[in-house]
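Trainee: Submitted below is the structure of interest, expressed as structure tokens.
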Amino acid sequence: MSTTDLEARRAVFSPGLAIWHPRAKPAPYPFENSRRGLEHAARVGANAIDHDYQCSREGILINTHWAHPLRHGFVDPWGEISPAATISDLTVQEIGRLKARRGGYRIRTIGQDLEDAAYLDVAICAEVKVDPRFKEPETFRPARTRADTLGARLVFMHIQNLGGERMGAAILAAAQEAGHPVMLLHRGPIDWRLWGFIDAVKGPPGCTRGAPAHVIRLGTAFTNATRWGASCHDETARRTRAAIDKATRGRP
């Protein structure tokens, strides 16, 4: 990959991502993974959001956290889908009719998510879960085309130890081959032989000793405060955005 291609891919992080993720536990995932979540992120001052992705039976990226939707708050109005069904068992049409018991949230495709994100100018930091199809660049190519068409900013992320590190590295390598910037959500010492190709690293709170967790959470060099961005929640979103803007002022 040329230096020009690399810089173009990394430009999605500039001038820094203030990535909104709810602080409440258990996290209200149906709200976060919705247009209302995007609107909320923009309202509190964030310019990016943490969204979760599974893969439908057809291989389409689906904006939802849980693999078993009917075990985690969603219902099928037709009563035809088994509670044991996973997102990967279901078609986009079946997934689209599911409805959250609380809030009435619907599960969307990545195309629908990107449309809303582009309109609101909020970057999607897409945390993909575990599915063998995520190891194939072809799974990610339609999202690249859609994001480019809409002018949406899209980053793919994966948790270091989810499904094993080799699986995670293969998933992010596939996303990067499809033209996406990629981010490692690390949970321990990093084996750079597996992860050396990534664009950015986001660590857990306290991964940088002596630094405020709401400011320094993301960067290939942990001593570089806000090189790429930071995680935030309602109480810290505007402060995080201000810290990023200050740290990146005048940076190309």
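The values are calculated or read from the model by the stated rules, or taken from the named source; none is laboratory data. Just so it is clear, the model here is predicted, and its values are computed rather than measured. With ideal geometry, Cβ positions are generated from the backbone for all residues, glycine too; neighbour counts draw on all protein chains shown.
Trainee: Do we have any residue at all in segment 104-113 that's within 14 Å of the chain's Cα centre (by Cα), of a type outside the set (Val, Ile, Thr) and under 24 Å from GLU7 (Cα atoms)?
Mentor: Scanning segment 104-113 turns up no residue that is within 14 Å of the chain's Cα centre (by Cα), of a type outside the set (Val, Ile, Thr) and under 24 Å from GLU7 (Cα atoms).
Trainee: Here's something else I'd like to know. Does ILE216 satisfy being buried (at least 23 other Cβ atoms within 10 Å of the Cβ), in contact with a strand residue (DSSP E or B) (Cβ under 8 Å, 6 or more places away or on another chain) and either at pLDDT below 80 or more than 20 Å from ALA46 (Cβ to Cβ) (or both)?
Mentor: For ILE216, the condition - buried (at least 23 other Cβ atoms within 10 Å of the Cβ), in contact with a strand residue (DSSP E or B) (Cβ under 8 Å, 6 or more places away or on another chain) and either at pLDDT below 80 or more than 20 Å from ALA46 (Cβ to Cβ) (or both) - is met.
Trainee: Of a type in the set (A, V, I, L, M), out of contact with any Ser or Thr (no Cβ under 6 Å at 6 or more places or on another chain) and farther than 19 Å from ARG239 by Cα: which single residue out of LEU6, LEU38, LEU17 fits that description?
Mentor: LEU6
Trainee: Then there is this: Output the residue which, of all residues in segment 76-93 that are β-branched (Val, Ile, Thr) and either in contact with a helix residue (DSSP H, G or I) (Cβ under 9 Å, 6 or more places away or on another chain) or free of Cβ contacts under 8 Å to residues at least 24 places away in the same chain (or both), is surrounded by the most Cβ atoms within 10 Å (Cβ to Cβ).
Mentor: Among them, the one singled out is ILE87.
Trainee: Which of the residues spanning segment 118-131 are of a type outside the set (A, V, I, L, M) and touching a strand residue (DSSP E or B) at 6+ places or on another chain (Cβ under 9 Å)?
Mentor: CYS125, GLU127, LYS129, ASP131
Trainee: Just checking, does segment 74-82 include any residue being touching a Gly at 6+ places or on another chain (Cβ under 9 Å) and outside any helix (DSSP H, G or I)?
Mentor: no
Trainee: Hey, among VAL155, VAL182, which residue is touching a Cys at 6+ places or on another chain (Cβ under 7 Å), crowded, with 17+ Cβ neighbours inside 10 Å and closer than 27 Å to HIS68 by Cβ?
Mentor: VAL155
Trainee: Follow-up question, since we're still on this one. Give the residue that is surrounded by the fewest Cβ atoms within 10 Å (Cβ to Cβ), with candidates limited to residues of segment 49-75 that are acidic (Asp, Glu) and within 27 Å of LEU17 (Cβ to Cβ).
Mentor: Among those that are acidic (Asp, Glu) and within 27 Å of LEU17 (Cβ to Cβ), it is ASP52.
Trainee: Hey, another quick one. It is to be established whether one or more residues within segment 94-104 are crowded, with 19+ Cβ neighbours inside 10 Å, closer than 29 Å to GLU136 by Cβ, among the basic types (Lys, Arg) and at pLDDT 95 or above.
Mentor: no
A quick yes/no check of all residues on (1) at pLDDT below 90; (2) out of contact with any Lys or Arg (no Cβ under 8 Å at 6 or more places or on another chain); (3) part of a helix (DSSP H, G or I):
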site	(1), (2), (3)
ARG9	yes, yes, yes
ALA27	yes, yes, no
ALA41	no, yes, yes
ALA46	no, no, no
ILE49	no, yes, no
ILE62	no, no, no
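Trainee: For GLU115, are the conditions met, namely being over 22 Å from ALA42 (Cα atoms) and charged (D, E, K, R)?
Mentor: No; evaluated as a whole, the condition is false for this residue.
Trainee: Let me ask you something else. Looking at ARG187, ARG133, ARG146, ARG108, which one is surrounded by fewer than 24 Cβ atoms within 10 Å (Cβ to Cβ) and under 16 Å from HIS65 (Cβ atoms)?
Mentor: The conditions single out ARG108.
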